[in-house]
Every structure is written in C-alpha cells, then in structure tokens.
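Enquirer: Take this structure first; my questions come after.
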Amino acid sequence: MRVAANLHKLTAGDGYVYLTRSVAVLDGDDLGASSLADYYSAKGESPGHWGGKGLAALGLKEGDVVDEAQMRALFGEGLHPDADRMIREAIAKGASVHDAIWGTALGRPFGRPAPDEKVQQPAFIQAVAEGLVAWNVAQGLPGKSPVPADERSRMRSEIGQRMFGEQYGREALNSRELAGFITRASRGEKQVCAGYDVTFTMPKSVSALWAVSPRPVAEQIENAHRTAVTAAVAWLESNVAYTRRGKGGVRQVDVKGLITAVFEHRDSRDSDPHLHTHVAISNKVQAVEDSAWLALDGRVIYTAAVAASEYFNTQLAAELARLGLVLEPVSAPSSK
C-alpha cells in the first residue's frame, strides 16, 4: 500500500492559513472570499477541532472547535490559542500591550524579540503594525488596541498586494501567489517553524466507495478513517513527542503531550471525492520535568513519518475489515 501520511513544516506568520482558508474551502483560490462558517453550512462539514494531551495546560478540551483567531495565535504567533481574549482582558485590567502579549506566550512568541532584545522586523510586519495603529487612531482608540480580525486580514491583504506590485511590477496572478508572498514577507529571512502538518489520506478506491455508498455505509467508512487517524496521532504522541535541551540540544527530554488542530477534508483540489485529514501539530510543547514551554523535536517527527503512515494503514485496514472490506495491494501496470 502506498504511503498514506504526508508531512510538511508549518512556518510561523501565515503558514497555517491554507488550513483555515484554502483546505477548508475545497483548496480553492478565493482567499478570504467566504468564511469558514459559510463553507460548513453550505457543505455540511464539521469545523476543525483541538486534540492532544498538551491541551490540558491551555484550559481547552479535545473536541473543542478551532477558529481562525486561535490558529493565528498558536500557529501564527506562538501564543495561547485564546490570546486575543486574554490580551483584551489584561489590557482592560491595566496591563501594557507588551506585558499582555507576553502573558499569553507559550515560551517565546514567534517573531518577537525577548524583553531585552531589539531586532529589525521585516518591512511587511512593520507596515502592517503601522497600519493597525493608524486604524485605531482613526477610530478614536489607543494606537495599540486590538484590531478586529476581519480588518486586520483586509489590511494584510491590501499591504501585501501593494508590496507585491512594488517588488515584481505586476499584480499577483491569483490569491495563492499573493498568500505565498505574504507568508514569505511576514517571516523575513528566517523561517520559524510553527509546527507540522501530517495529512492522513484514505486509498482512492475507499474514497470512491465512500462517495457512492448510502449515507449509513458512508458514515461507517468515515468513522473507520477517523479512528485510524486518532490511533496514528496517539502513536506519534506516545512514541516520538520530545523536546531538546542543553547546548546544541544535546539532551532529549519527554513532553506532556502534543497540541493538535485537526481538519477533515472531503475533496481533492479537483473536487473529486478524496477523504483526508490534516493534523496540524503545534511546535509548542511542555517539558515534563519543569513545565517549560519549548520546541518540539522535529527531527524525530520527520524520522517517524513513514512509520506513522504504516500505522495508519494498518489501523484503517483493521477498521474497514470490521465492515467486511479488504484492502489489497495493487501492482503498478507493466510498461511493456
């Protein structure tokens, strides 16, 4: 059976956006044209949900719904998923913007200097920051007040379009090209790892069967897929979730668990039936020994990718067997 789990790195900034705006809207190019809520009500999908034992430290529970603001906070900035609310509450109680932000940090936030460190931010980040302050001032608000998510998103797109034109002398061909430019412009030269997207995919033959089956049968196939995904992620969490400490990361230490955001998707880019699940694994983990927030040891995750795929395949085959379905290897056609 082919490899059924693919893995790639999620970069800080806008690296997560395709999960909430593209993957969840049939991998289309209509960036920002419709909301997640519109898609779910129109297509009957369920929103993404949180998972992993690492949630316990955040006050979240497995199965809680993931929203875009939470993804932006955790995977975009390295903050608590509910950072927007927590920052507003802290400022209302008299905290400075700086202290409010650091109060939500899980370790060191992405792209933010330590309190005693000064670094030059990318031009795009500076332009957006200045635009947000100007917007607040125009509304009669303090310059550092939180800006609504839709306005912040609109401003980032507008500034991205302008800077793309200045750099390339033309407009972006489509929203995907623009989103890629904004991602690169957000992170500057250094690509900060925010996490990893592990995508678990059913064999095409099973997806085809699921698509044409009566709803009760299709639901059983969906449940088999979900059970296999859950088992594979639990295997990763139990066997390959570590962080590193010491000079050069010489010491590997255990963590309390993973924080995951799970998005189930039912179509390919061509809108063919293609049931698959994206599991975004946060790079933020807590060391067992002192509860410090550190980075996940990505080298082990990459090494275990094939094993996770085989584990998923085995679990899926076992679940489908309970439905009377058998997965058999298919040889590639001869070139003769």
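Enquirer: Going through region 265-308, which trypsin sites (Lys or Arg not before Pro) have at most 16 other Cβ atoms within 10 Å and a DSSP loop state?
Expert: 269
Enquirer: Note down the net charge around residue 246, summing +1 for each Lys or Arg and -1 for each Asp or Glu among other residues with Cβ under 14 Å from its Cβ. Mind showing how you got there, number by number?
Expert: On the way: positive: 244, 245, 247, 251; negative: 289, 290, 297.
Spelling it out: positives minus negatives among the neighbours equals +1.
Enquirer: What percentage of the solvent-accessible surface of region 256-329, computed with a 1.4 Å probe over protein heavy atoms, is contributed by carbon and sulfur atoms? Write down the numbers at each step before the final one.
Expert: Details: 1710 of 3250 Å².
Percent of accessible area from carbon and sulfur atoms in region 256-329: 52.
Enquirer: Roll a 1.4 angstrom probe over the protein heavy atoms and tell me the percent of accessible area of region 129-193 that is carbon or sulfur.
Expert: 54
Enquirer: Using a probe radius of 1.4 Å on heavy atoms only, what accessible surface per residue do you get for region 119-239? Whole Å² is fine.
Expert: Value returned for region 119-239: 53 Å² of accessible area per residue.
Enquirer: Related question: Leaving ligands and nucleic acids out of the surface, order 242, 168 by accessible area at 1.4 Å, largest first.
Expert: Final ranking, largest accessible area leading: 168, 242.
Enquirer: Counting only heavy atoms of protein chains, what accessible area per residue, in Å², does region 280-325 have with a probe of 1.4 Å?
Expert: Averaged over the residues of region 280-325, the accessible area is 44 Å².
Enquirer: Could you put 150, 64, 290 in order of accessible surface area, largest first, with the 1.4 Å probe and the full protein assembly present?
Expert: 150, 290, 64
Enquirer: Tell me the accessible surface of residue 163 in square angstrom (1.4 angstrom probe, heavy atoms of protein chains only), to the nearest ten.
Expert: Roughly 40 Å² of residue 163 is accessible to a 1.4 Å probe.
Enquirer: Counting only protein chains, not ligands or nucleic acids, how are 85, 245, 322 ordered by accessible area (probe 1.4 Å), most first?
Expert: The ordering from most to least exposed comes out as 322, 85, 245.
The values are calculated or read from the model by the stated rules, or taken from the named source; none is laboratory data. These numbers were taken from a predicted model, which means no experiment stands behind them. Ideal geometry is used to build each Cβ from the backbone, glycine not excepted, and the neighbour counts take in all protein chains shown. Keep in mind that these areas ignore ligands, DNA and RNA; they rest on the heavy atoms of the full protein, side chains included. Shrake-Rupley method; radii C 1.70, N 1.55, O 1.52, S 1.80 Å.
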